[in-house]
1. 5 Å is the cut-off here: which amide hydrogens, built 1.01 Å from N in the peptide plane, fall below it relative to A34, excluding neighbours closer than 5 in sequence?
2. Show which aspartates and glutamates lie in cross-link reach of K142 when reach means a straight Cα distance below 18 angstrom and same-chain residues fewer than eight apart are skipped.
3. Give, rounded to the nearest 20 debye, the magnitude of the charge dipole that the chain has about its Cα centre when Lys and Arg contribute +1 at Cβ and Asp and Glu contribute -1 at Cβ.
4. With an 8 Å cut-off on Cα pairs and a minimum separation of 6 or more residues, tell me the relative contact order of the chain in percent.
5. What is the sum of charges around E198, taking Lys and Arg as +1, Asp and Glu as -1, for the other residues whose C-beta is under 13 Å from the C-beta of E198?
6. Determine ³J(HN,Hα), in whole Hz, for all residues of segment 51-62 in sequence, where each value follows from phi through the Karplus function 6.51 cos²θ - 1.76 cosθ + 1.60 and θ = phi - 60°; x replaces Gly and Pro.
7. Given the peptides 41-48, 145-152, arrange them by the average over their residues of other C-beta atoms within 10 Å, most packed first.
8. How would segment 79-125 be classified by its alpha-carbon gyration tensor: rounded, prolate or oblate, with rounded meaning a/c under 1.5 and the a/b versus b/c comparison settling the rest?
Amino acid sequence: MASLDATTQARLQRVRDRIERAARAAGRDPQTIALVAVSKTFGADRIRQAVAAGQRRFGENYVQEALAKIAEVARTEPVQTAEWHFIGPIQSNKTRELAERFDWIQSLDRLKIAQRLCQQVPAGRPPLNVLLQVNISGEASKHGVAPHQLSELASQVVGLVRLRLRGLMAIPEPGADPARQHASFAKMRELLGQLRRELGGSGVDLDTLSMGMSDDLEAAIAEGSTMVRVGTAIFGARKQ
Ligand SMILES: *Cc1c(COP(=O)(O)O)cnc(C)c1O
């Protein structure tokens, strides 16, 4: 185990405090909100420091960078210490690595990618947890499924036995004012509610709404987020 780094520990504690305050303000149990530490561009040493401070879930955006770090962390930490979430755009020639090395894929937005992931989950591994990324800001983003195509994609993904659909993820346009942040997050909550009703009979438990980052986690939690993805507030500013 890495020795405890005071800065990472203090920053993590501040983020946990923010989550707790936002949850209480919304009349929610803070335990129902998971924290994914987004470690993209930071090395395995920083991840180990976060692990030493009690952090378990990590989010990565770039496949090659992530694979190197996952292997490096696994050299010194017991298996299962870290849970890896892929949150970046998915290229179809990288799905095998994702299916083999990650615990969650949060950025699924196409059936073709879902089918490939399903075929590539190694035998003996539990189904791969997936979230459908929704394009909640319209033309501002080229990633994510459009809200009006969400039902169809979700019903197709539910049919893929090696995938376990857990819910939805969104990245609202950056820099929106608080009213627009709330509106986007509220729309996500409504979309998840609608999907739950539509898929209610199929035995799937859509328990996850991944939204909220360093700058907007309070708004996301107020609107029902169950998983925030926080990079800068934990690891500091990224160089690239
Ligand atoms: C980088 C990133 C984050 C973290 O953003 P911060 O503003 O640094 O907290 C969260 N989600 C996704 C999908 C990201 O790419």
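1. M227, V228
2. Of all the aspartates and glutamates, those that pass the test against K142 - Cα under 18 Å, at least 8 places apart if same chain - are D109, E173.
3. Numbers: 33 positive and 26 negative charges, 75 e Å.
With only Lys, Arg, Asp and Glu charged at Cβ, the dipole is about 360 debye.
4. Working: 429 pairs, mean separation 49.8, N = 240.
It rounds to 21 percent for the chain.
5. Details: positive: R196, R197; negative: E152, E190.
Around E198, the surrounding residues sum to 0.
6. 4, 4, 8, x, 7, 10, 9, 10, x, 9, 10, 10
7. Details: 41-48: 18.9, 145-152: 14.5.
So the peptides 41-48, 145-152, ranked by packing, come out 41-48, 145-152.
8. Values: a/c = 2.23, a/b = 1.33, b/c = 1.67.
Taking the square roots of the gyration eigenvalues as a ≥ b ≥ c, segment 79-125 is oblate.
Laboratory data are not the source of any read-out in this text; all were calculated from the coordinates shown. For clarity, every value in this text was computed on a predicted model and none was experimentally measured. A quick note on method: Cβ atoms are made from the backbone with ideal geometry, for glycine too, and the neighbour counts reach across all protein chains shown.
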